[in-house]
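Enquirer: Mind looking over this structure? Questions follow.
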Amino acid sequence: MRAKDVSFTEEVVPFDFESGNPAFRTFSPSMKVPVLRHGDLTVWDSLAIMEYVADLYPERGFWPEDLKARALARAISAEMHSGFTGLRGACPMNFRKPAGHLDVSDDVRADVARILNIWRQCIETSGGPFLFGDFTIADAMYAPVVSRLATYQLTSDPVADQYGNAMRGTEAWQEWEAAALKETWIVPVDEV
Ligand SMILES: N[C@@H](CCC(=O)N[C@@H](CS)C(=O)NCC(=O)O)C(=O)O
């Protein structure tokens, strides 16, 4: 939404990974975040939120304009949403962790290889700098991976540098990272 200049206010509610933060019950039917509130509507789940906002602002290019590109963007977004559990489990997103190489298992390496293939194919086809040319929901879905690859130094593939630099060049990324660096809490299960 920041990348597409859709204004919203953000309310941060800290996790409690030991016993669950009971405050989540007051705003999230699934007890998970993110949650979007728009008037009397509550939408939970990241992909459902992005689809809703894309429907609200059809002129802002949340999805690629071309039908086939849009189908592919949805496919790779869904693949991220429901997959890559090896990488996501072993390498939690952690902007404040100093970068350093992490030895990872074969399933994490396979996830990284698959993601790099997706990025390479999409950027070759679209011409970049983002997966489908301009920034879309698919890039929002893969932004956390850009952070993870850098933190744990999981690849030296040039496509990761190229795509990572495009991502880091956006104001939305810079605001996101700056806000993350200001956070003070530590989540022990996410410190690997
Ligand atoms: N598929 C959901 C996943 C939501 C999810 O797992 N959120 C985690 C944080 S990334 C959460 O709220 N965890 C809180 C808890 O489990 O207590 C989405 O993409 O929105």
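Enquirer: Report every pair of residues separated by at least 6 positions or lying on different chains whose Cβ atoms are under 9 Å apart, first residue within the stretch 53-79 and outside any helix (DSSP H, G or I), second at pLDDT 95 or above and among the acidic types (Asp, Glu).
Expert: 61/134; 62/51; 62/55; 63/51; 64/134
Enquirer: Report yes if some residue within the stretch 129-136 is among the β-branched types (Val, Ile, Thr) and within 27 Å of residue 60 (Cβ to Cβ); otherwise report no. Don't jump to the end; show me each part of the working.
Expert: Pass one, the stretch 129-136, residues among the β-branched types (Val, Ile, Thr): 136.
Restricting the remaining residues to those that are within 27 Å of residue 60 (Cβ to Cβ) gives 136.
Yes, the stretch 129-136 contains at least one residue that is among the β-branched types (Val, Ile, Thr) and within 27 Å of residue 60 (Cβ to Cβ).
Enquirer: Here's something else I'd like to know. Hey, any hits in the stretch 20-32 for a residue that's out of contact with any helix residue (DSSP H, G or I) (no Cβ under 9 Å at 6 or more places or on another chain), under 19 Å from residue 139 (Cβ atoms) and within 16 Å of the ligand (Cβ to nearest atom)?
Expert: Checked the stretch 20-32: no residue is out of contact with any helix residue (DSSP H, G or I) (no Cβ under 9 Å at 6 or more places or on another chain), under 19 Å from residue 139 (Cβ atoms) and within 16 Å of the ligand (Cβ to nearest atom).
Enquirer: Pick from the stretch 90-107 the residues that are open to solvent by less than 30 Å² (accessible area, probe 1.4 Å) and within 17 Å of the chain's Cα centre (by Cα): which of them is nearest to residue 184 (Cα to Cα)?
Expert: The residue in question is 94.
Enquirer: Can you tell me which of (1) part of a helix (DSSP H, G or I); (2) in contact (Cβ under 8 Å) with a residue 60 or more places away in the chain; (3) not hydrophobic (A, V, I, L, M, F, W, C) is the one residue 89 doesn't meet?
Expert: Checking residue 89 against (1) part of a helix (DSSP H, G or I); (2) in contact (Cβ under 8 Å) with a residue 60 or more places away in the chain; (3) not hydrophobic (A, V, I, L, M, F, W, C), the one that fails is (2).
Enquirer: Search the stretch 33-71 for residues being within 16 Å of the ligand (Cβ to nearest atom) and small (Gly, Ala, Ser), and hand back the single one that is least open to solvent (accessible area, probe 1.4 Å).
Expert: Among those that are within 16 Å of the ligand (Cβ to nearest atom) and small (Gly, Ala, Ser), it is 54.
Enquirer: Tell me, yes or no, whether the stretch 4-18 has at least one residue that is open to solvent by 40 Å² or more (accessible area, probe 1.4 Å), closer than 30 Å to residue 125 by Cβ and more than 10 Å from the ligand (Cβ to nearest atom).
Expert: Scanning the stretch 4-18, I find at least one residue that is open to solvent by 40 Å² or more (accessible area, probe 1.4 Å), closer than 30 Å to residue 125 by Cβ and more than 10 Å from the ligand (Cβ to nearest atom), so the answer is yes.
Enquirer: Now for a different question. Would you please list the contacts, defined by Cβ atoms under 8 Å and residues six or more apart or on different chains, that run from a residue in the stretch 25-39 that is farther than 21 Å from residue 56 by Cβ to a residue that is within 8 Å of the ligand (Cβ to nearest atom) and part of a strand (DSSP E or B)?
Expert: Listed by first residue and then by second, the contacts come to 30/44; 32/44.
Enquirer: Those residues that are assigned to a helix (DSSP H, G or I) and farther than 19 Å from residue 86 by Cα, I need them from the stretch 139-165; list them, please.
Expert: The answer is 139, 140, 158, 159, 161, 162, 163, 164, 165.
Enquirer: Hey, another quick one. Which one is nearest to residue 117 (Cα to Cα), of the residues in the stretch 144-166 that are free of Cβ contacts under 8 Å to residues at least 60 places away in the same chain and crowded, with 20+ Cβ neighbours inside 10 Å?
Expert: Looking only at the stretch 144-166, we keep the residues that are free of Cβ contacts under 8 Å to residues at least 60 places away in the same chain, and these are 144, 146-147, 149-150, 153, 155-166.
Retained after the next criterion (residues that are crowded, with 20+ Cβ neighbours inside 10 Å): 146-147, 149, 160, 163.
On the way: 146: 14, 147: 17, 149: 14, 160: 10, 163: 12 Å.
Filtering first and then ranking leaves 160.
The values are calculated or read from the model by the stated rules, or taken from the named source; none is laboratory data. It should be emphasised that the depicted structure is a prediction, and the values quoted were computed from it without experimental measurement. As a convention, Cβ positions derive from the backbone with ideal geometry for all residues, glycine included, and neighbour counts pool all protein chains shown. Heads up: the accessible areas ignore ligands, DNA and RNA and are worked out on the full protein's heavy atoms, side chains in. Shrake-Rupley method; radii C 1.70, N 1.55, O 1.52, S 1.80 Å.
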